[in-house]
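The values are calculated or read from the model by the stated rules, or taken from the named source; none is laboratory data. Just so it is clear, the model here is predicted, and its values are computed rather than measured. Glycine also receives a Cβ, built like all others from the backbone with ideal geometry; neighbour counts cover every protein chain displayed.
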Amino acid sequence: MSILIRKVGRRAYAYRVDREGGRVRHRYLGRADDPGVSEKIRRLRAVKTVPGQLRRLFWDTSLDNIDLRRHKKYVIARILDIGRLTDVQWLQMVYPTRVIQEVNETSRQISEVSRNFWRRWFECPLFD
């Protein structure tokens, strides 16, 4: 995920850029000079690293060593298995719900109790 600022004339427009599969998606956020958009950009840039409040979940490694793109299955599985609801809210800001559901179904690190809970939570009919 990255933030793209495009200038058209004298105005600047902000976009959130995500890679989904083989495609790159640009989502319009708004005018870059809008205070609400500036706040969104600040929050989106803050989710590029694992926050310190999740240190308790990743006791076996340094938070600085976790790359959210390369280690997404590890991060998602750990949070789904032993995280709190607020941790999952952060997770949904970082990853699309579809990716979270896929990891929930394929990861061997998630207990069956947690897996079934998250199936119900995300209302995932594909895997019932």
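Structure summary
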{"item": "Residue in the range 75-85 that is among the charged types (D, E, K, R) and either more than 30 Å from residue 120 (Cα to Cα) or assigned by TED's automatic domain parsing to the domain that holds residue 12 (or both) present", "result": "no"}
{"item": "One residue from 120, 115 being farther than 20 Å from residue 46 by Cα, in contact with a helix residue (DSSP H, G or I) (Cβ under 7 Å, 6 or more places away or on another chain) and of a type outside the set (S, T, N, Q)", "result": "115"}
{"item": "Any hit, the range 47-65, residues being loosely packed, with under 10 Cβ neighbours inside 10 Å, within 16 Å of the chain's Cα centre (by Cα) and in a helix (DSSP H, G or I)", "result": "yes"}
{"item": "Selection count where residues are surrounded by 14 or more Cβ atoms within 10 Å (Cβ to Cβ) and either farther than 25 Å from residue 80 by Cβ or among the β-branched types (Val, Ile, Thr) (or both), scope the range 16-33", "result": "3"}
{"item": "Residue count, the range 84-110 (criterion: out of contact with any helix residue (DSSP H, G or I) (no Cβ under 6 Å at 6 or more places or on another chain) and more than 24 Å from residue 27 (Cα to Cα))", "result": "5"}
{"item": "Those residues of the range 73-128 which are of a type in the set (Ser, Thr, Tyr), farther than 18 Å from residue 19 by Cβ and in a helix (DSSP H, G or I), in sequence order", "result": "74, 86, 106, 114"}
{"item": "From 91, 80, 85, residue being surrounded by fewer than 14 Cβ atoms within 10 Å (Cβ to Cβ) and hydrophobic (A, V, I, L, M, F, W, C)", "result": "85"}
{"item": "Residue in the range 15-34 that is over 22 Å from residue 4 (Cα atoms) and within 13 Å of the chain's Cα centre (by Cα) present", "result": "no"}
